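Working notes, beginning with the structure itself.
Derivation of every value follows stated rules applied to the coordinates shown; laboratory data play no part. Bear in mind that the values here come from a model prediction, so they are computed numbers and not experimental data.
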Amino acid sequence: MGYYLSILIIISESGPKTCDYDNLRRSSGTFRVKFLDRAKAFLKAGDGGDGCASFRREKFIEYGGPDGGDGGNGGSIYFEGTNRLNTLIDYRYQPHFKGKRGGNGGGANRHGANGDDLVLKVPVGTQVLDETEENTLADILEEGQKVLIVRGGTGGRGNNRFKSSTNQAPRRADAGGIGEEMTLWLQLKLIADVGLVGMPNAGKSTFLAVTTRAKPKIADYPFTTLIPQLGVVRVDADEFVLADIPGLIEGAHDGKGLGHKFLAHMERCSLLLHILDATREDLYNAYATVRQELEIYRRDLGEKPEIIVLNKCDSLEPHEVIKRRMVFEKKCRRRVWTISSLRPDEEIVFLLREIVAVRKSLLAAHVEVPVSADAN
Ligand SMILES: Nc1nc2c(ncn2[C@@H]2O[C@H](COP(=O)(O)OP(=O)(O)OP(=O)(O)O)[C@@H](O)[C@H]2O)c(=O)[nH]1
Ligand SMILES: [Mg+2]
């Protein structure tokens, strides 16, 4: 591996890591919450300050007239994307946010101060959903992208505003407007180009480790990967971000294994890399099971372009590899790749180049990556 990859300059970097899962926390008392990809937040923008009812009173000036100033506007609340965060954990500890109230108006036409806006930082890739989780209010995809979520109440008008030719001494002043409030859900969806899917133990993390500089946990038991991980693959002059997620098993949509919530991190990928353990006897069944779970999660996830990879081919005789590949290709009527992530050779390089080529053709065809919020 070292030989081929160093010649072809595949240098990679580990990227941000993210999220944990409810069932994980339940199942492991020792699991420390570090990452969170879903959080509920309660936002209340500041109310507007009240307008003032006042009259000018000065020595020797009779009928000084109304001079009540307006109240200040309440502070609004925004979300802003940042690359410095890769988790929503802060919102678990502090879910309530309140905008600052506008100052009340004063006599002598003094305007109340506007309440400061509150800008809440969220990791890039965060979707803001309403309380029902059916409507996406914002999809924050870039550093610095700022979205207004709740608007502060407008300041009430002071009585000076109500003077007219027929009413020169108005006593009316408005109360400040109520700031908007909202309960919402934040859902972080990783921004990766290619997603690794497959059953537990298929060698997904080994593939990530061998093609990037990420250091995922690898072990010979199922569900080694508990939180999604990213790595940057560099091949020739191209690069793409690869995401590794926990393995899927039959019934994941019913909560079996680690469930299927983490598939949210595959939603933004333009291509799936389906890794299979070639030594399995029920190879095609394993493939069909994962396919089914993808489709159950979201149909458009199942419709994403996919490259099928039989891994662990070093554990099989070469003729057996060819046989299994041919049987598999016949069944799925597609090209199937055969590699070893443990003893990588040039086949992995060809595979990475194929991924780059497919991505380029998808970009050329302007294939939109479907992103929506209806499966959380
Ligand atoms: N012989 C052989 N073993 C491999 C290969 N790739 C991975 N393995 C082994 O398979 C086991 C599982 O590898 P992982 O990379 O942790 O598998 P995974 O798909 O990430 O598993 P989960 O995180 O549980 O979903 C480890 O013992 C690896 O050393 C390979 O190409 N050949
Ligand atoms: Mg893994």
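Numbers at a glance
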{"read-out": "Most mobile of GLY107, GLY72, GLY155 in a GNM of the chain (Cα contacts under 10 Å)", "value": "GLY107"}
{"read-out": "Candidate aspartates and glutamates for bridging to LYS146, where Cα separation is under 16 Å - those fewer than 8 sequence places away on the same chain excluded", "value": "GLU80, ASP116, ASP117"}
{"read-out": "Paired Rg and Dmax values of the stretch 38-188, which use every Cα atom, in angstrom", "value": "20.4, 66"}
{"read-out": "Cα-based Kirkwood hydrodynamic radius, the chain, one decimal, Å", "value": "23.9 Å"}
{"read-out": "Dimensionless Rg over Rh [the stretch 171-222; C-alpha; Kirkwood]", "value": "1.53"}
